[in-house]
Amino acid sequence: MTRQLTGLALYDKTAQDAAAAVIAAYSTSFGMASRLLGPRVRPHVRNVYALVRVADEIVDGPASAAGLSPETERIVLDDLETETLTAVERGFSANLLVHAFAGTARECGIDAALIQPFFASMRTDITTHEHDAASHDEYVYGSAEVVGLMCLQAFVNAGREHPVAPADDLVEGARRLGAAFQDVNFLRDHADDANGLGRDYLGLGAPGQTRASVLDRIDGDLAAASAVVPRLPGDCRRAVTVAHDLFAELATRLRREGDAGARVRVPDPVKAVLATRALLGFSPRGARA
């Protein structure tokens, strides 16, 4: 007979369920990959995803659609950052998604050094509409690489009594995989970002900055990340392989189809094949066709 949860245990479980609902609603790809994580790690990655997704939504349309001005969006985002940092210190938040993230951060060693750059990049979306190479790299670090590092902290530390620092090669791999994911999304969403949000993250057309050069950079980042996947804990490798291979497939399709305008996606049957490969223990595949 299963004992019914009460008190803080029930609150923790409800917060984790809320985070799981966010990833299920917003991302089929990451939702599929997260299901391949072992139970030791899965809720922590969902908790990270949920918080960063909500922060992203503040600056990517829903808050504006609700009538918030850019100045008010900034206040809401700042309040969320303050609540997150406070919850990590206290171990509790009245915001269920923040509470879920704080539990993960405290167990896995995610601190302000990772949290603050993320919110800094989110604030950039309110104030900066065109990026050069330097601001692109800074934005990608905060918006994507640190998210990869947060997940790495969970991979290495979930279930430990005291968190430890991941190995340097794993840190490099997590950063480069996060950067590849972000640049793929920038290419996929280039038209929507430009027409709907007035943003240009890639500066396409600047000297040396073409779709081909961005795809070359993505391929290099994916290759570097794939090299360290075998060094990850066993209950994380399959999920990371699926996520890597989904974005490698997107990169291949982006290269093949050119700047056709339609948003490139991976069909469900192809996703199923990639998931099967990972379940069978295959290593991450290359990005090129």
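FYI, it's all coordinate maths here, none of it is from the lab. This structure is a prediction, so every number in the text was calculated from the model and none was measured. Every residue, glycine among them, receives a Cβ derived from its backbone with ideal geometry; neighbour counts consider all protein chains shown.
Projecting the Cα atoms of ALA133, LEU279, ALA243 onto the dipole axis of the chain, where Lys and Arg carry +1 and Asp and Glu carry -1 at the beta carbon, places LEU279 farthest toward the positive end. Computed about the Cα centre, the dipole magnitude for the chain is approximately 1460 debye when only Lys and Arg (+1) and Asp and Glu (-1) carry charge, each at its Cβ. I need the shape label for the chain. Rule: rounded when a/c is under 1.5, else prolate if a/b > b/c, else oblate, with a, b, c from the alpha carbon gyration tensor. Since a/c reaches 1.5 but b/c is at least a/b, the shape of the chain is classed as oblate.
Adding -39500 (n - 2.57) for every DSSP H run of four residues or longer, then dividing by how many residues the chain holds, sets the calculated 222 nm ellipticity at -22000 deg cm²/dmol. Once you sort the root eigenvalues of the Cα gyration tensor of segment 99-181 as a ≥ b ≥ c, which label holds: rounded (a/c under 1.5), prolate (a/b larger than b/c) or oblate (the other case)? Taking the square roots of the gyration eigenvalues as a ≥ b ≥ c, segment 99-181 is oblate.
Taking amide H as placed 1.01 Å from N in the peptide plane, ASP200 has its amide H under 5 Å from the amide H of GLU130, HIS131, each at least 5 places away in sequence or on another chain.
Per-residue Cβ neighbour counts within 10 Å put LYS13, LYS271 in the sequence LYS13, LYS271, beginning with the fewest.
Projecting the Cα atoms of LEU77, LEU114, GLN153 onto the dipole axis of the chain, where Lys and Arg carry +1 and Asp and Glu carry -1 at the beta carbon, places GLN153 farthest toward the positive end. When the chain is treated as a Gaussian network with alpha carbon springs shorter than 10 Å, the biggest mean-square fluctuation among VAL264, VAL140, VAL242 belongs to VAL264.
Mean-square fluctuations from a GNM of the chain, with a 10 angstrom spring cutoff on Cα atoms, peak among VAL45, VAL146, VAL54 at VAL54.
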